[in-house]
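Below is one structure, written out as structure tokens; comments come after it.
The values are calculated or read from the model by the stated rules, or taken from the named source; none is laboratory data. Since this is a predicted model, take the numbers as computed values, not measurements. Positions of Cβ are generated from backbone atoms using ideal geometry, with glycine treated the same way; all protein chains shown enter the neighbour counts.
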Amino acid sequence: MEQLKTIGRELAMGSQGGAWAGQSKEFLDLVKSIGEARSKAEEDRIILLEIETLRRRIAEPDVPRRRMKDYIIRLVYAEMLGHDASFGYIHAVKMTHDDSLALKRTGYLAVTLFLSDDHDLIILIINTIQKDLRSDNYLIVCAALTAACKLINEETIPAVLPQVVDLLAHPKEAVRKKAVMALHRFYQRSPSSVSHLISNFRKKLCDNDPGVMGASLYPLFDFITEDVNSYKDLVTSFVSVLKQVAERKLPKTYDYHQMPAPFIQIKLLKILALLGSGDKQTSGHIYNVLSDIFRKCETSSNIGNAVLYECICCVSSIYPNAKLMDSAIEATSKFLKSDSHNLKYMGIDSLGRLIKINPDIAEEHQLAVIDCLEDPDDTLKRKTFELLYKMTKSSNVEVIVDRMIDYMISINDNHYKTEIASRCVALAEQFAPSNQWFIQTMNKVFEHAGDLVNVRVAHNLMRLISEGFGEDDEGADSQLRSSAVDSYLRILGEPKLPSLFLQVICWVLGEYGTADGKYAVSYIIGKLCDVTEAHLCNDTVKAYAISAIMKICAFEIAAGRKVEMLPECQSFIDELSASHSTDLQQRAYELQALLSLDSQAVGSVLPLDASCEDIEVDKELSFLNNFVQQSIEMGANPYLPESEQLGMSGVSNFRSPYQQEASSHTLRFEAYELPKPSSIPVIPQASVLTQTRDLVPVPGTTYYRENNLGSKLPTGPEASSADVGIKLRLDGVQKKWGKPTYSSSSSGATSAEKTTNGIGAHQDGIRSQSRDTVYDSRRQQPEVSAEKQRLAASLFSSSASKTEKKPTSGQRMPKGSDANAEKSSVARSVSPGNSEVKTAAPDLLDFGEPVPISAPTIDPFKELEGLIGPAQAVIDNSITTSGVQAPDLMATLYMDTPPSGSRSSSSGLVSEGVYSTDKGSHTAKPTPAVKKGPNLQDALGKDATVRQVGVTPTGNNPNLFRDLLG
Amino acid sequence: MLGGQLISVLRREIVEEGDEKGVNSMGIRFVLLVNKQGQTRLAQYYAEHLTLDERRALEGEIVRKCLARTEQQCSFVEHRNYKIVYRRYASLFFLVGVDNDENELAILEFIHLFVETMDRHFGNVCELDIMFHLEKAHFMLEEMVMNGCIVETSKSNILAPIQLMEKAS
């Protein structure tokens, strides 16, 4: 065949091929040289030269229209290859006016490629679009509608909207279809502009033409996404359409690889999934057609599998049905068992959807999942991580998060790094078996993902360290803190640490660095000073560091000891005192001021370990009441609450940005004329903020205000009065030393802390819940034959132990004993190779030396005795026994496995994974049923022209001639 | 009232993570044809209009990512907050950027449909056909995809307006 073609090419040499007629020699040359360009640099040179030529040519008077089309396409090339061709935009715009359809369409195409919808030139095209929408030639109308989809923006929608709506009734189906899509676009741009037209879209669903019907599914999908309930009535229509499509009632031309209109089927399935979600009655209508499609789907073609996958999505979204679930599970396992990576990917995704309904099905496919996890293909790996994320529970969280972190370390893609870091954090926060583990995990995340992590995570970590277990176990709390301090002092030796992590470190060292007396004050202070020197750090870190130093000094002074300043610390303070940042300066001066105070004062300014005490903010500023009273007696205006000034509820706006205060001056006047009856009753105390402003010693404030009603900017006295207001507000709140401007955002910070406290409570709730299920996995591990199976077991462990789960979770256990027993078992069982966990975890329980792993030296009874108060002595024996059994069981389980833990096993798995993927040669690409081009003559003709043009297949890039489908 | 040390440290406002998804779910965000050397042969964007520099950067990044992959690997690549579905035909790569909730296999077949359609029109379509008839390739795509949605899959319907236009001119 190849030979024949070559002969054909030789023969066709001199004949005139028609394939590229009508294009200029210059254009052909351009394409030829671009096609043969060997490097980007060469291509750039060609285009720059071309741009110069075009700049000259295009400005010549009386360029023939055909020639102009040629130029415009060359401009499109220039822009496509990354060069600015804006000098030619106007000519593209002009071309849209042309009478010839081909030129007009080319003009529209160029304009849509060149211009964004807010470009200045758009305004010149609106008129043309309007005219073309009225054209008798439906092809011109189509061209205008296509252009409208890309060029019309929110402001210009009204200019064409009525015409487009009229076109919904056009006799030509192509026009109706494009009109639907144009309206869809308008909806995306500005939902309100077409909200009155929803009935039209509903009508178009019943259009005779399948293309129009298919197009109407897109806007309907968007509407349904917005508001499911208003479209429940359409379910039967969608179902009947889908049925007809599946039964091949549509014209044959919509078939694709023997599949009837698959793209329409897929869209309908997406819509039905939305409509049936959580709605038993609606789902009932869908079951039949779904099982039909499951039956009919061809699994040998890609497109059949695409429809099948969409069915699985639909099944997992609607109200569950046992029969359909079986079909979906069957299809999923086919995907997973396939050799094709694409299908495996779909299988993993399907599995992730189905386990939401029935978590047990993951178990059957554990080995397939682990194969995917170990696969060198990044895409598959990430998808599998997504699946693992969905199936994480307290029993497997450690294995999963470990894996995630390992992977996170290995990648460079910041976007995905951020995502996987936040997933690690989410899982750790939700399922952490122990606080110790949580802190270690967070440390790793911070160390490697660094500044990509959300600030909130850092705050959570600090909160956890300061609040500890949330149980009345001070010993364990301080143990935790000391180990945190230890780990941070160790980590500080690392060369490069992200700023956010340094902040956490500084804060913890300041708060707890000297708490257990293990480290000398000067040592910690020295370390803190080193932080700012060794790491190139920003002002925030410096602020954290100096605050930490201040706290340590304060604790020392309060305890009656003398603090002598290290020289490096003194120089650090000096440096900050001269800093450009006023914040740093202030902190430095505050520290110096603090050093000279007596111990009692210092103790009340910075009390020891008080970071989790709530800070009482006297929002009402009641201490100012006398002052207010006096001033009113002296003739000042009484305060109007914000609700009346702005017409919105005021008290909650207590910490609104200060800019608002400026605007409130102008608005306040109107409030007298339009009092709101529903507004919050005037509470005199709640209003001090503005009252104080009134009372600030600026004579004639009111006078100013009345005079300046029109002007937006606050004038001098006004602004300063607002300032004083701020000062006053904070005065009683927390300023015990330092300058009054200190902590201008204190209210924000307080609320931030409060919310984190809230989260903490919530999280505790979750954790105590999850604790109940920790036992699950311990028992059911089968005989460990392969390392892979071990990993599988640690991931997929829940269901087999279900029977055990019930008694455990059924009874309310005393929190303390339960958690501790749990921790001991966790420490011993999960990832025995992970030395960090191994050594660290026992710290939580034993106050002595770390215990060797396999020997269960802690007598759980003793533990329980110590922890359970007499009031809780009623506990069932069964709990106690289960508490005893769990560690023993784990000990025996792991006794006979080699000491190499999950780490080493994982490396074994990797190599195995590589091997297995290499082994299978899966190029199971379905051979497409291609309808080849008309005949060989076509190709011959093409070749002939090519030769005339001078682009020969022997040139640099013979691929240019390769048939794409060949 | 107890000390305000935490406050002085926790001064920074907590920034909520922004929703990464675009304003509208578009389905298809872009269609990109690139040859083996990484040279762009056709580019159409649906989600938003990118500046030249943004486009250059994006195309470079994507092409590097996709061209480095082997035949056996998935035809899907995650990139930023969307996915790229790609398929190779001879020397040409067809890259389609889609939103995360799009059916990847269907997009893979959409690419094939596009190639089949071009093949029917040009006859044994090759890279050079697309280069010489860039605007026609665009017109076919315009018929098939509007607003990032696949609106036409019947080859005869896709090609009819283009054939009529050729006849008229």
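Quick rundown of the values:
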item	result
Single residue of B:Glu142, B:Glu152, B:Glu135 found to be within 22 Å of the chain's Cα centre (by Cα), facing another protein chain (nearest Cβ under 7 Å), at negative phi and not in a helix (DSSP H, G or I)	B:Glu152
The one condition in (1) among the basic types (Lys, Arg); (2) within 14 Å of chain B (Cβ to nearest Cβ); (3) under 27 Å from A:Ala515 (Cα atoms) that A:Arg561 fails to fulfil	(2)
Any hit, the range A:399-422, residues being β-branched (Val, Ile, Thr), farther than 19 Å from A:Leu509 by Cα, in a loop (DSSP other than H, G, I, E, B) and free of Cβ contacts under 8 Å to residues at least 40 places away in the same chain	yes
Residues (touching a Ser or Thr at 6+ places or on another chain (Cβ under 7 Å) and crowded, with 22+ Cβ neighbours inside 10 Å) located in the range A:499-540	A:Gln503, A:Gly510, A:Glu511
Residues being assigned to a helix (DSSP H, G or I), crowded, with 17+ Cβ neighbours inside 10 Å, of a type outside the set (Gly, Ala, Ser) and more than 9 Å from chain B (Cβ to nearest Cβ) - total across the range A:203-220	5
Number of the condition not met by A:Pro433 [criteria: (1) at pLDDT 90 or above; (2) not in a helix (DSSP H, G or I)]	(1)
Extreme residue, surrounded by the fewest Cβ atoms within 10 Å (Cβ to Cβ), among residues of the range A:454-498 that are assigned to a helix (DSSP H, G or I) and among the basic types (Lys, Arg)	A:Arg490
Conditions (1) buried (at least 21 other Cβ atoms within 10 Å of the Cβ); (2) among the polar types (S, T, N, Q); (3) in contact with a Leu (Cβ under 8 Å, 6 or more places away or on another chain); number of the one not met by A:Thr146	(3)
Which numbered condition B:Leu108 fails, given (1) without any contact (Cβ under 8 Å) to a residue 12 or more places away in the chain; (2) assigned to a helix (DSSP H, G or I); (3) at the interface with chain A (Cβ under 7 Å from one of its Cβ atoms)	(1)
Residue, farthest from the other protein chains (Cβ to nearest Cβ), within the range A:75-112, restricted to residues that are part of a loop (DSSP other than H, G, I, E, B) and within 28 Å of A:Ala41 (Cα to Cα)	A:Ala85
Filter result for B:Val115 (facing chain A (nearest Cβ under 7 Å), of a type in the set (A, V, I, L, M) and not in a helix (DSSP H, G or I))	no
Filtered residues of the range B:46-59 (kept if at the interface with chain A (Cβ under 9 Å from one of its Cβ atoms), under 25 Å from A:Ala41 (Cβ atoms) and crowded, with 17+ Cβ neighbours inside 10 Å)	B:Arg55, B:Glu59
Odd one out for A:Ser283, checked against (1) out of contact with any Phe, Trp or Tyr (no Cβ under 8 Å at 6 or more places or on another chain); (2) polar (S, T, N, Q); (3) buried (at least 20 other Cβ atoms within 10 Å of the Cβ); (4) away from chain B (no Cβ under 14 Å)	(1)
Scan of the range B:60-83 for residues that are in a loop (DSSP other than H, G, I, E, B), in contact with a strand residue (DSSP E or B) (Cβ under 9 Å, 6 or more places away or on another chain) and facing chain A (nearest Cβ under 7 Å), ordered by number	B:Glu71, B:Ser75
Test result for B:Asn100, in a loop (DSSP other than H, G, I, E, B), over 12 Å from the mean Cα position of the chain (by Cα), more than 9 Å from chain A (Cβ to nearest Cβ) and surrounded by fewer than 23 Cβ atoms within 10 Å (Cβ to Cβ)	yes
Qualifying positions in the range A:295-320 - surrounded by fewer than 20 Cβ atoms within 10 Å (Cβ to Cβ), without any contact (Cβ under 8 Å) to a residue 40 or more places away in the chain and away from chain B (no Cβ under 13 Å)	A:Arg295, A:Pro320
Residue tally, condition away from chain B (no Cβ under 12 Å), over 38 Å from the mean Cα position of the chain (by Cα) and either more than 24 Å from B:Ile150 (Cα to Cα) or among the basic types (Lys, Arg) (or both), over the range A:133-162	4
Scope the range A:60-110; condition at pLDDT 95 or above, within 28 Å of A:Ala37 (Cβ to Cβ) and basic (Lys, Arg); matching residues	A:Arg74
Every residue from the range A:164-202 that is of a type in the set (S, T, N, Q) and either at pLDDT 95 or above or surrounded by fewer than 18 Cβ atoms within 10 Å (Cβ to Cβ) (or both)	A:Ser190, A:Ser192, A:Ser193, A:Ser195, A:Ser199, A:Asn200
Answer residue from the range A:22-47, given it is exposed (fewer than 12 other Cβ atoms within 10 Å of the Cβ) and more than 11 Å from every other protein chain (Cβ to nearest Cβ) and is farthest from the chain's Cα centre (by Cα) among those	A:Lys25
Some residue of the range A:224-244 being free of Cβ contacts under 8 Å to residues at least 60 places away in the same chain, within 14 Å of another protein chain (Cβ to nearest Cβ), farther than 23 Å from A:Ser317 by Cβ and assigned to a helix (DSSP H, G or I)	no
